[in-house]
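Everything on this sheet refers to the single structure shown next.
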Amino acid sequence: MATTVNYYDVPLKRLNSQNALGLGVVFTDFENAKIELCKWPATGKRPLISKGGYGTVIEEEFRVYWKGSTIFSAGHQNARGGPAGKIVSEPGSNSKYLLVNWLSAHLDAGEAFLPKNGEPSIFLLAPPKEDVKPEDFVALYSDGSCGISIHPGVWHTNPLSLSEKEVVYQRKQGSIYATIDCVLTKEHNTWLKIPLDQPQDG
């Protein structure tokens, strides 16, 4: 008997210091964006993808692009890349959503993103915790004028670009890339559903 898959509507909020509290630090100047480095491994049941200790901060460009209805990332030296989500349309309306089920968290350092040319983006985030659940996530919309430096252990996926063209992000992160993964469709039988829009709060 087939199992019914669930969908969780992630709340969409504007990226600002209040909405990012506990998740990261909002910034406008990439050069001055700070990355927190910390010692690991930490305790937990999820397997780590790296060897341990302290690293350094690396800077690079990170590309995000759409291919059909799927969003991809590429061009980065210290991450895995590949598909991050797929677009679905709401029946009977013009609303579009992105479905995401794979998230990761870096235990050795934070990570900062800012689009080079000011394109709008959505950052999908959840606080550090071992048993992350769909209802822990929030989607933070940026008009492109600011980015976010997320704290170590914060669950996230790639920046979700709202541009039809390839978007290049400036990025800082830890050199070790001590990462744990969560696939929500396996752990909670649920897809995250993120509106490809901007908040209605002005």
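The values are calculated or read from the model by the stated rules, or taken from the named source; none is laboratory data. Note that this is a predicted model, so its numbers are computed, not measured. As a convention, Cβ positions derive from the backbone with ideal geometry for all residues, glycine included, and neighbour counts pool all protein chains shown. We work out accessible area using only protein heavy atoms, side chains counted, and drop any ligands, DNA or RNA first. Shrake-Rupley method; radii C 1.70, N 1.55, O 1.52, S 1.80 Å.
Residue-level check: of (1) surrounded by fewer than 16 Cβ atoms within 10 Å (Cβ to Cβ); (2) part of a strand (DSSP E or B), GLN200 misses just (2).
Quick check on LEU192: is it within 11 Å of the chain's Cα centre (by Cα) and open to solvent by less than 10 Å² (accessible area, probe 1.4 Å)? So LEU192 does not fit the description; no. Restricting region 64-96 to residues that are under 13 Å from the mean Cα position of the chain (by Cα), surrounded by 15 or more Cβ atoms within 10 Å (Cβ to Cβ) and not in a loop (DSSP other than H, G, I, E, B), the residue that is modelled with the highest pLDDT is VAL64. Could you please let me know if TRP191 is modelled with pLDDT of 90 or more and within 25 Å of ALA33 (Cα to Cα)? Criteria not met by TRP191. Going by the conditions given, is PRO134 without any contact (Cβ under 8 Å) to a residue 40 or more places away in the chain, more than 17 Å from VAL26 (Cα to Cα) and either touching a strand residue (DSSP E or B) at 6+ places or on another chain (Cβ under 9 Å) or not hydrophobic (A, V, I, L, M, F, W, C) (or both)? Judged against the criteria, PRO134 is not a match. Inspection of region 25-32 finds a residue satisfying the criterion of being hydrophobic (A, V, I, L, M, F, W, C), farther than 23 Å from VAL132 by Cβ, in contact with a Ser or Thr (Cβ under 7 Å, 6 or more places away or on another chain) and modelled with pLDDT of 90 or more. Residues in region 132-191 that are closer than 22 Å to ASN117 by Cβ and in a loop (DSSP other than H, G, I, E, B): ASP143, GLY144, SER145, CYS146, THR157, ASN158, PRO159, LEU162, SER163, GLU164, LYS165, GLU166.
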